[in-house]
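Written below as structure tokens is the structure these notes are about.
The values are calculated or read from the model by the stated rules, or taken from the named source; none is laboratory data. Every value quoted in this text rests on a predicted model; they were computed, and no experiment measured them. Cβ coordinates were reconstructed from backbone atoms using ideal geometry, including for glycine residues, and neighbour counts include every protein chain displayed. Just so you know, the surface numbers come from the protein's heavy atoms only, side chains and all, with ligands and any DNA or RNA stripped out. Shrake-Rupley method; radii C 1.70, N 1.55, O 1.52, S 1.80 Å.
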Amino acid sequence: MGNCSFQRMSSKFGISTTKSSRSPIMEFTGRTVVFGNMTGVNLDGHIILSSSDVRNAWLELIKSVKEEDITRQRIPAVELAVSRVLRDIKVVHRKFQPAVAPHLYESRLRMLSASLTDFWVKNGYPSSWPQSLEFFQLVVECDASPLMLTPTGQFLVPASCPASLITNFITENLVEANRRLLSYKQNKRQEIILHNLCMKELGLEALHKDDNVTPDRMIHCLQRLLTRKDQLGDVFRGTRINITHFYSVLEDGEMCLPWNWID
């Protein structure tokens, strides 16, 4: 964030930015600031500001940034504790996971770890489980949500869910989770190959996609582009294309193309 931005935000806060006193707004130095539906710090350390909040809410956030940073540093150790009690399953974050404050996430992780540990001590691991679940992935949700298996094979688990239900759900879905994970990895490899081929064959300056375009959809799109490279080569040469869900040409010349574009 540049000096002008600091001055504008400081003016909104009613904070002095004179050299004689360090402004609290300087806590934002080097940070990514996102305007969203909440005010706080997310798990990536980004500052999230809600325009609907009053000035005092933003001021309180500035005061809590350092404390949230300290909490973020503890999170990997707590995630490791959950991982170990679930036979080294990988605790990960999903791309579109709702923003959550580090202190809340840490609290939910500790609650889940304690619940699972207590369950294993009393009941042991299911006999059908492999010795290690390190190939599998677990996403811990802080908000109320159903137990589910994502299209990419991740287990989505609400932290408040009883350990017995989590255990049964993992047991019943290990085979399907393994299939989806393998399929996702294969699709990602194929997507990379097709991406490079499209860049070369169509002479593109850049080719990327929105995060919500899945690998299988991107593969479908790229394969169709390649089958029409003779007709499209002259049109697309030197352009920048973003695969998304709509048609558009941005002010900087980038072309937005839906993954299921029509001939």
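Net charge in the neighbourhood of Gln73 (other residues with Cβ under 14 Å of its Cβ; Lys, Arg +1, Asp, Glu -1) is -3.
Taking all protein chains together and a 1.4 Å probe, the residues Tyr247, Tyr125 rank Tyr247, Tyr125 from largest to smallest accessible area. The simple Förster model, with R0 at 41 Å and r as the Cβ-Cβ distance, assigns Ala206 and Val121 a FRET efficiency of 0.15. Legend: calculated FRET efficiency, Asp252 to Ile192, from the Cβ-Cβ distance at R0 = 25 Å, rounded to 0.05, equals 0.50. Solvent exposure of region 133-263 amounts to 54 Å² per residue of accessible area, where only protein heavy atoms count and the probe is 1.4 Å. Here, region 64-162 is characterised by an Rg to Rh ratio of 0.97, where Rg is the alpha-carbon radius of gyration and Rh the Kirkwood radius. Neighbours of Ser83 by Cβ distance under 9 Å: Lys/Arg scored +1, Asp/Glu scored -1, total 0. Divided by 2.2 N^0.38 Å, where N counts the residues, the Cα radius of gyration of region 125-262 comes to 1.39. With the convex hull of the Cα atoms taken as the outline of region 170-246, the averaged projected area works out to 5.8 nm².
Grouping the Cα pair distances of region 127-166 into 10 Å bins from zero gives a pair-distance distribution of 27, 52, 21, 0 percent in increasing distance order. A simple count of charges around Pro215, restricted to other residues whose Cβ falls under 11 Å of its Cβ and scoring Lys, Arg +1 and Asp, Glu -1, yields +3. In a DSSP loop and with at most 16 other Cβ atoms within 10 Å, the GluC sites (Glu not before Pro) in region 137-233 are Glu205. When the square roots of the Cα gyration tensor eigenvalues are ordered a ≥ b ≥ c, the ratio a/c for region 206-262 is 1.5 or more and a/b does not exceed b/c, which makes its shape oblate. Beyond a 23 Å Cα-Cα separation, which of these cross-linked pairs lie in this structure: Lys90/Lys188; Lys185/Lys209; Lys90/Lys209; Lys209/Lys229? Distance filter (> 23 Å) returns Lys90/Lys209. Spread over its residues, the convex hull of the C-alpha atoms of region 69-117 is 76 Å³ per residue.
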